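A short write-up of the structure that comes next.
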Amino acid sequence: MPDRPLETYFAFFNEIGIIGQLSRTLLEARLPKGFLLPHFSVLNHLIRVGDGPTPLALARAFQVPKTTMTHTLAGLERGGLIEMRPNPDDKRSKCVWLMPAGRAFRDKAIADLAPDVARISEQIDPEKVSALLPELAAIRATLDADRNA
């Protein structure tokens, strides 16, 4: 390990933060007016984990206040991309369901990134990016487990 692990980890997370900001800007430029990365991220999450989480569960998953998640979900619901249904377990809260339009929205946003990805892949070898994925996934899993501890 380097003599200065604090500086190494700071530099590592700083680079990830900058990459995150640049990639967010790239994606948001391809989204319809009025939609932002949080909207896309919720749709992507629902596709990955499935329908039925409560707004509170989503807020916890994204580590944002429930009011922030409620605002994001309201925008998605207004757009017809999700539907809020009564929670079958307690009848007091709501659950979130992805609508076909939400899946199409997410798929179109990804497809709209194709020219950007093609341009980037000319500069960064896709095999190098592919090789990074297992390590990045392991780092994410470590941070996720640490968050939940």
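Just to check your reading of the model, which residue among L36, L46, L81, L76 is surrounded by 15 or more Cβ atoms within 10 Å (Cβ to Cβ), within 14 Å of the chain's Cα centre (by Cα) and either more than 30 Å from I120 (Cβ to Cβ) or not β-branched (V, I, T) (or both)?
L46
Tell me the residue from A131, A101 that is without any contact (Cβ under 8 Å) to a residue 40 or more places away in the chain and touching a Gly at 6+ places or on another chain (Cβ under 8 Å), please.
A101
Quick one: would you say S130 is over 18 Å from the mean Cα position of the chain (by Cα) and modelled with pLDDT of 95 or more?
Against the criterion (over 18 Å from the mean Cα position of the chain (by Cα) and modelled with pLDDT of 95 or more), S130 qualifies.
Looking for something among the aromatic types (F, W, Y) and not in a helix (DSSP H, G or I) - is there at least one such residue anywhere in region 91-101?
yes
Of the numbered conditions (1) part of a helix (DSSP H, G or I); (2) modelled with pLDDT under 95; (3) surrounded by 10 or more Cβ atoms within 10 Å (Cβ to Cβ); (4) over 17 Å from the mean Cα position of the chain (by Cα), S121 fails exactly one; give the number of that condition.
(2)
Exposed (fewer than 13 other Cβ atoms within 10 Å of the Cβ) and at positive phi: does that describe K91?
It is true that K91 is exposed (fewer than 13 other Cβ atoms within 10 Å of the Cβ) and at positive phi.
Go through F62, F35, F40 for me and flag whichever is within 21 Å of R147 (Cα to Cα) and either touching a His at 6+ places or on another chain (Cβ under 6 Å) or aromatic (F, W, Y) (or both).
Criteria check complete, one pass: F62.
Of the conditions (1) within 24 Å of L132 (Cα to Cα); (2) over 15 Å from the mean Cα position of the chain (by Cα), K94 fails just one. Which one is it?
(1)
Residue by residue through region 51-72, note down the ones that are at pLDDT below 95, part of a loop (DSSP other than H, G, I, E, B) and over 14 Å from S93 (Cα atoms).
Those that are at pLDDT below 95, part of a loop (DSSP other than H, G, I, E, B) and over 14 Å from S93 (Cα atoms): D51, Q63.
The values are calculated or read from the model by the stated rules, or taken from the named source; none is laboratory data. Bear in mind the structure is a predicted one, so any value in this text is a computation, not a measurement. Ideal geometry is used to build each Cβ from the backbone, glycine not excepted, and the neighbour counts take in all protein chains shown.
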